[in-house]
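K.L.:
Just dropping this structure here.
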Amino acid sequence: MGRRLAAVILSVLLLSGGWLGMSGFPLLAALVPLLWISRGYDASRRAWWGMFGWALLAFALWNAATVWWIWYATPVGPFAATLASSTLNMIAFMLFHTVSKRAPKALAYTVLVSAWIATEYWYTVGEFSWPWLLLGNGFSHEVWAVQWYEYTGIFGGTLWTLVANILLFEALVSRRTRRIVAATAWIVLPLCVSLTIWFTWRTPAAGTVTVTLVQPNIDPYTKFEDGTSSAQMDNLLRLAAEAPADADYIVMPETAVPGYYYETSIRTAPVQAFARLLAEKYPSARIIVGFNTLRIYPEGGQSSTARHDARGWYDVFNSALEIDSASGISIHHKGRLVIGAEKTPLPWLFRALDFLVIDLGGTLGQIGVGTRGTAFTGPAGSVGPAICYEGMYGDFFGDFVRRGAQAMLIISNDGWWGDTPGYKHLFTISRLRAIEHRRAIARSANTGISGF
């Protein structure tokens, strides 16, 4: 029992580093201890439950070690995330374990790889979506090593990781030269391909865009209190006025403008103030800024996420606005929502638990859902305005590019978690999006990390 417990702890340590600011390379051997435990059990029902317990302990501890910081924003968050992620990990691993006791080894390993990738994919498209611990995300600190994500996306990183673990385990068990060579080649050859791309890739001659990022550093826990709107707007305008004269885009964070604004009459005081600043100092520039917007529906024409009160049916959207010097406006609605704070996958459960969830981004519960990425087109070119959590989804992020975005902007409000690994890894994830879609990214955060 002691050796198996040590193997579980080793697996957790190897799995966690990439999400805690360290290297992701230990992932290439992180499942080897669990494969060793599985090999030691027979095909009996009692042995199956023994493996179930050790695997559940490993995956639950991995989640706890890497997502504990969600507690700062919502106490129920880390438990919900751990339950969901561990369940998917267990489905894949226990399918492998079961098949491995009744079928050829090759089939069992095929089940492990295919089931794991299938559950990861489901986690990006399913109703309950929290794709934080996809294995391919663990290499965000080694961008030189995964330049081939341009062709495979992060699921290529997951495939690389799973097969590396299988080959390393087989090499350790057999100690045969042929298997050692196979494991080494599987790890080294993709690195060589990546380094070749790294040293030969050149930025296309598509021109440049000058971007100024604004980080107001407003305490997210007091940002939406009554009586602070005027001071926050003054601060945003003061900071924006410090942009260099040649700025093409001045980018402000998610929900930077406090309050709620009807889309049918959105050219209100904040929009007019931004437009005046542009007209006076930056006539050809655009401001990209986060708003909470409201859309009213006629009776019978409401969306599935609409709310109802004295105003009738309406949706609240977490939106990015593009504003020009003539008060012209384009709007993008956030299309990938944070579970619990912005999206209610299990309404009956989350209504009962809503007292445990803080107000993330100014809205709580189910808000309106955007359907696609949007490209804002200005004199300097087209940019895609991804909002925070949208940067976690490679395919959705690519929708901005498919619609013409030549560069990408990410606006975020990710200071809910204090000085913890959460906001740091969220920033590094952007590097993987840049590789996948070969677009420069500028990221403006309310707190946390802004950068290029």
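Conditions (1) in contact (Cβ under 8 Å) with a residue 40 or more places away in the chain; (2) within 19 Å of the chain's Cα centre (by Cα); (3) under 19 Å from PHE128 (Cα atoms), marked per residue:
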| position | (1), (2), (3) |
| --- | --- |
| TRP49 | no, no, no |
| TRP54 | yes, no, no |
| ALA60 | no, no, yes |
| ALA64 | no, yes, yes |
| THR82 | no, yes, yes |
| LEU95 | no, no, no |
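K.L.:
Look at the range 58-79 and say how many of its residues are among the aliphatic types (A, V, I, L, M), open to solvent by less than 60 Å² (accessible area, probe 1.4 Å) and farther than 17 Å from TYR221 by Cα.
P.N.:
So the answer is 6.
K.L.:
Something else: For the range 1-100, which helices (runs of 4 or more DSSP H) that fit wholly inside it have 3 or more residues that are closer than 26 Å to VAL188 by Cβ and modelled with pLDDT of 95 or more?
P.N.:
Qualifying helices (runs of 4 or more DSSP H): 2-16, 32-39.
K.L.:
Take the residues in the range 101-141 that are under 26 Å from ARG46 (Cβ atoms) and outside any helix (DSSP H, G or I), then tell me which one is most open to solvent (accessible area, probe 1.4 Å).
P.N.:
If we take residues in the range 101-141 being under 26 Å from ARG46 (Cβ atoms) and outside any helix (DSSP H, G or I), then ARG102 is most open to solvent (accessible area, probe 1.4 Å).
K.L.:
Open to solvent by 80 Å² or more (accessible area, probe 1.4 Å), closer than 23 Å to PRO26 by Cα and not aromatic (Phe, Trp, Tyr), is that true of LEU172?
P.N.:
When the stated conditions are applied, LEU172 passes them.
K.L.:
Another question, if that's okay. Counting residues that are open to solvent by 20 Å² or more (accessible area, probe 1.4 Å), farther than 18 Å from ALA380 by Cβ and of a type outside the set (Lys, Arg), which strands (runs of 3 or more DSSP E) fully inside the range 244-311 reach at least 3?
P.N.:
260-262
K.L.:
Write out, first by first residue and then by second, each pair whose Cβ atoms fall under 8 Å of each other, whose residues are 6+ apart or on separate chains, and whose first residue, in the range 267-280, is in contact (Cβ under 8 Å) with a residue 40 or more places away in the chain while the second is in a helix (DSSP H, G or I) and surrounded by fewer than 17 Cβ atoms within 10 Å (Cβ to Cβ).
P.N.:
ALA273/LEU237; PHE274/LEU237; LEU277/LEU237
K.L.:
Mind checking which residues of the range 181-195 are open to solvent by less than 80 Å² (accessible area, probe 1.4 Å) and without any contact (Cβ under 8 Å) to a residue 12 or more places away in the chain?
P.N.:
THR184, ALA185, VAL188, CYS192
The values are calculated or read from the model by the stated rules, or taken from the named source; none is laboratory data. Worth saying up front: this structure is predicted, and the values here are computed from it rather than measured. Note that we place each Cβ from the backbone using ideal geometry, even for glycine, and neighbour counts take in every protein chain shown. In case anyone asks, the SASA skips ligands and DNA or RNA and just uses the protein heavy atoms, side chains included. Shrake-Rupley method; radii C 1.70, N 1.55, O 1.52, S 1.80 Å.
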